[in-house]
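The values are calculated or read from the model by the stated rules, or taken from the named source; none is laboratory data. Please read these numbers as outputs of a predicted model, since none were measured by experiment. Positions of Cβ are backbone-derived with ideal geometry, glycine not excepted, and every protein chain shown enters the neighbour counts.
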């Protein structure tokens, strides 16, 4: 038994530094992968606002470009679905997913979002945005000023 303990002790004196080295190397590899993924993940590097327009029905792209001076991403129902109306649950899911994907790839900067479409789709998009905690400012068309107006950001005090 004494010989066995001595063998285990001497083996452990070799294994322990190797385990420490494997742990340090694993942590370094994980850190590098996370750093690389953060750089690769976002299309926008965060220097300016990212303007997205969701267009279902009424065309808004030119008005958004005129008001904001740019339009970084246009999600058009005809371009995404190949038709001009939302007919099924799958259509809503596809359009909401496309918008979510555009916002997720640019989440390291403030996002200005213009929604032109069904109220139900806007609600679904709001639920997705709420889950992800994006920095989103939603804009709606103001017929009085003929421009876009930012909506207030809700918080718990509204409840």
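A few points about this structure:
- Residue in segment 138-145 that is farther than 19 Å from residue 64 by Cα and over 14 Å from the mean Cα position of the chain (by Cα) present: no
- Residue 107 more than 12 Å from the chain's Cα centre (by Cα) and outside any helix (DSSP H, G or I): no
- Test: residue in segment 79-91 that is surrounded by fewer than 18 Cβ atoms within 10 Å (Cβ to Cβ), touching a helix residue (DSSP H, G or I) at 6+ places or on another chain (Cβ under 8 Å), in contact (Cβ under 8 Å) with a residue 12 or more places away in the chain and within 24 Å of residue 146 (Cβ to Cβ): no
- Residue-level check: of (1) more than 24 Å from residue 155 (Cα to Cα); (2) at pLDDT below 85; (3) surrounded by 17 or more Cβ atoms within 10 Å (Cβ to Cβ), residue 125 misses just (1).
- Counting only residues that are in a strand (DSSP E or B) and free of Cβ contacts under 8 Å to residues at least 12 places away in the same chain, segment 110-159 holds 2 of them.
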